[in-house]
Amino acid sequence: MLRWMGKFKALIMLGIVTLVLTACGKENLTALDPKGYGAEKSMDLMILSTVIMAAVFIVVMLIFTVVIIRFRRKKGQEDFIPKQVEGNHTLEIVWTAIPIILVFILAVPTVMSVFDLADEADASSSINIEVTGNQYWWHFDYAGEEIQTSQDLYIPVNEKVYLDINSTDVIHSFWVPTISGKMDANPENTNTMFIEAYEEGVYWGKCAEFCGPSHSLMDFKIVVVSQEEYDQWVEDMQNVDPEVQVEDAVAQEGQELFEANNCMGCHAIGSSPVAVGPNLTNFANRTTLAGVEDLTKENIVSWLLDPEAMKPGNKMTGNYPELTEDEAGSIAEYLMQLSHSDITPESASN
Ligand code: HEC
Ligand SMILES: [Cu+2]
């Protein structure tokens, strides 16, 4: 290694680690690449405050450097006492006024954004969705549309969507960083916010308030599609017939087992308001199982045999009859046929 590199070893390592780590994490799970109204506002404020902080830092460092060079004690002047400036009015006014001005420059746009984001003027003419946080999954009820879904929230692009957010158990927090800021989901009251996405795509969401052992696994997605695709999706979702028989023989057996094992006591298919567990309409169109695992037959079987291993503390464990591996396999086959619309997360990728 070159000699100069040895000296900066720590710095070089830090650089490499930073580069590697910034590539971690899921796509569309960042506030630094905003694709929605709220996220863009936050980003603007972040840039503004970073610029101000950087400017303050640079100015202070410049003055500091000048002072220590220019006013250092010189040879032969060891007893020299420089001019004392305590109580200097001009100086005190200057260093009081500058921070006040900076705080105003920060405060005015921040407060304006806060009011902007709380504006509900066109809520009644927009899409309204009731969002409910549950340990450890999210439910979405499209008000007036007779659509109930869980885990994946479909919305049209460039359209304001109003959310009424609450919780059935403890405090959660609804957060899709690429689209908007956070909003607490409380059991006692309803919080409201609107979201507007500027680009089609699938955006990851996270629960942002510690809510129990599987808090970090309480993921969900916003699927942003074109207006036509959204209209199609709404129509499809309104026409789901939960009674419809699947065709494949194994899946049919799974359907019978699904009914016989009282899965429907907690899971609805279609617009039934039963929501003790996630609504399984369109389940096969999701990309994840229980919010976090890949949606594969293997994972569904493991979930049905031992949900606790996947999501500790979840509310399904122990509340349904024990299944054999074969039974779980048939049910998985059935669930993987629950596709009620051709509009899927893939539709959002154009
Ligand atoms: C006591 C209510 C209850 C019963 C009964 C129940 N579940 Fe669940 N189920 C839940 C809850 C709650 C979750 C969400 C767990 C989590 O993510 O924390 C869940 C999650 C699931 C998921 C993942 C859903 C998703 O959105 O990815 C599947 C699949 C599932 N259950 C299938 C079944 C099947 C099949 C049965 C019948 C054998 C069944 N459940 C019985 C409550 C129940
Ligand atoms: Cu939570």
task: Pull out a ≥ b ≥ c, the square roots of the eigenvalues of the alpha-carbon gyration tensor of the range 203-301, then state rounded if a/c is under 1.5, prolate if not and a/b is larger than b/c, and oblate in the remaining case.
output: oblate
field: Protection-proxy order for peptides 246-255, 102-111, each taking the mean of Cβ atoms within 10 Å per residue, highest first
entry: 246-255, 102-111
task: For the chain, with a Gaussian network of springs between Cα atoms less than 10 Å apart, report the residue from ASN262, ASN299, ASN128 with the top mean-square fluctuation.
output: ASN262
message: Between the range 301-348 and the range 177-239, what is the separation of their alpha carbon centroids in Å?
response: 21
- request: Give the residues of the range 173-209 whose amide nitrogen is closer than 12 Å to a point set 7 Å from the Cα of GLU120 in the direction of its Cβ.
  value: 190-194
message: Among ASN261, TRP303, HIS340, which residue has its Cα furthest toward the positive end of the charge dipole of the range 249-349, with +1 on Lys/Arg Cβ and -1 on Asp/Glu Cβ?
response: HIS340
Cα-centre dipole for the chain with unit charges at Cβ (Lys and Arg positive, Asp and Glu negative), debye to 20: 3980
statement: Applying the gyration tensor rule to the Cα atoms of the range 24-121 (axes a ≥ b ≥ c; rounded if a/c under 1.5, else prolate if a/b exceeds b/c, else oblate), the class is oblate
- request: Select from ILE12, ILE68, ILE47 the residue whose mean-square fluctuation is largest in a Gaussian network model of the chain (Cα-Cα springs shorter than 10 Å).
  value: ILE12
query: Which distance in nm do the two modelled labels at ALA55 and ASP294 give, with both placed 7 Å along the Cα-to-Cβ direction?
result: 5.0
query: Among rounded, prolate and oblate, which fits the chain when a ≥ b ≥ c are the square roots of the eigenvalues of its C-alpha gyration tensor, a/c under 1.5 means rounded, and a/b larger than b/c means prolate?
result: prolate
task: Take each of the peptides 278-286, 88-96, 156-164, 213-221, average the number of other beta-carbon atoms within 10 Å over its residues, and list them starting from the highest.
output: 278-286, 213-221, 156-164, 88-96
- prompt: For ASP164, which sequence-distant residues (separation of 5 or more, or a different chain) have an amide H within less than 5 Å of its own amide H, given hydrogens modelled in the peptide plane?
  reply: ILE129, GLU130, VAL131
task: Let me have the relative contact order for the range 249-349, percent, based on Cα pairs under 8 Å that are six or more residues apart.
output: 39
- request: Treating the angle as unsigned and between 0 and 90°, give the value, to the nearest 10°, between the Cα long axis of helix 249-260 and the longest Cα principal axis of the chain.
  value: 80
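All of the numbers you see were taken from the coordinates with simple rules; none came from a lab. The structure displayed is predicted, hence computed values, not measured ones. FYI the Cβ positions are ideal-geometry reconstructions off the backbone, even for glycines, and counts take in every protein chain you see.
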